[in-house]
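The values are calculated or read from the model by the stated rules, or taken from the named source; none is laboratory data. Bear in mind the structure is a predicted one, so any value in this text is a computation, not a measurement. Here the Cβ is made from the backbone with ideal geometry for all residues, glycine too, and neighbour counts use every protein chain on show.
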Amino acid sequence: MPTVNKKAGEQFILSGTVKNSGDVTINLGIAVVLSGPKTYGMSVKDIGNLSPGQQYPLYYVEKVPSDAPAGTYDVLVSAIDRNINQEFQRIDTLWDIIVSLPTKKIELLSVSVS
């Protein structure tokens with residue numbers, strides 16, 4: 001599984017293409033979900049009506065939540081029927097984000113004691 005390393009609060013980009021492979025038009029909304037030590041649902045982005053066979057390019061700039069604990073998070077895409085505001089499918093992108101906590105560290109470069 002491909003991975004990307006991020007710190008809590010850092011930005012990540014999800015891009016790709018979604019296709020309506022069903023046989024009815026969908027008033028589609030898409031949300032990115034991070035699932036790991038905690039689960040985070042990002043805001044829903046409206047795609048609009050997607051006819052059977054129609055494709056739509058995805059490009060989302062999101063942030064790893066600033067309170068995200070360190071760990072590995074699956075990056076999922078949640079498909080929402082905006083007519084009833086209900087998730088009808090959750091798809092694993094097969095990407096992981098490895099979140100590390102910011103490191104507090106100093107170096108002592110020069111010391112003199114008399």
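Go through the stretch 1-76 and tell me which strands (runs of 3 or more DSSP E), entirely inside it, have 1 or more residues that are within 17 Å of S100 (Cβ to Cβ) and of a type in the set (F, W, Y). Strands (runs of 3 or more DSSP E) meeting the threshold: 11-19, 39-41. Take G9 and decide whether it is at positive phi and not acidic (D, E). Considered against the rule, which asks whether it is at positive phi and not acidic (D, E), G9 comes out as yes.
Restricting attention to the stretch 26-38, does a residue exist that is in contact (Cβ under 8 Å) with a residue 12 or more places away in the chain, at positive phi and surrounded by 11 or more Cβ atoms within 10 Å (Cβ to Cβ)? No, every residue in the stretch 26-38 fails to be in contact (Cβ under 8 Å) with a residue 12 or more places away in the chain, at positive phi and surrounded by 11 or more Cβ atoms within 10 Å (Cβ to Cβ).
Could you tell me whether any residue of the stretch 51-58 is touching a residue at least 60 places away in the same chain (Cβ under 8 Å), exposed (fewer than 14 other Cβ atoms within 10 Å of the Cβ) and closer than 19 Å to G16 by Cβ? No, the stretch 51-58 contains no residue that is touching a residue at least 60 places away in the same chain (Cβ under 8 Å), exposed (fewer than 14 other Cβ atoms within 10 Å of the Cβ) and closer than 19 Å to G16 by Cβ. All conditions but one from (1) within 14 Å of the chain's Cα centre (by Cα); (2) at pLDDT 95 or above apply to S43; the one that does not is (2). Return the residue satisfying two criteria in turn: it lies in the stretch 86-114 and is in a loop (DSSP other than H, G, I, E, B) and either of a type in the set (S, T, Y) or at pLDDT 95 or above (or both), and of such residues it is surrounded by the fewest Cβ atoms within 10 Å (Cβ to Cβ). Among them, the one singled out is S114. Of everything listed in (1) surrounded by 14 or more Cβ atoms within 10 Å (Cβ to Cβ); (2) touching an Asp or Glu at 6+ places or on another chain (Cβ under 9 Å), the single unmet condition for P2 is (1). Taking the stretch 13-25, which residues are among the aliphatic types (A, V, I, L, M) and exposed (fewer than 11 other Cβ atoms within 10 Å of the Cβ)? Answer for the stretch 13-25, where residues must be among the aliphatic types (A, V, I, L, M) and exposed (fewer than 11 other Cβ atoms within 10 Å of the Cβ): I13, V24. Taking the criterion of being surrounded by 15 or more Cβ atoms within 10 Å (Cβ to Cβ) and touching a Ser or Thr at 6+ places or on another chain (Cβ under 9 Å), the residues of the stretch 72-85 that qualify are Y73, D74, V75, L76, V77.
When E62 is tested against (1) exposed (fewer than 12 other Cβ atoms within 10 Å of the Cβ); (2) under 14 Å from the mean Cα position of the chain (by Cα), exactly one condition is not met: (1).
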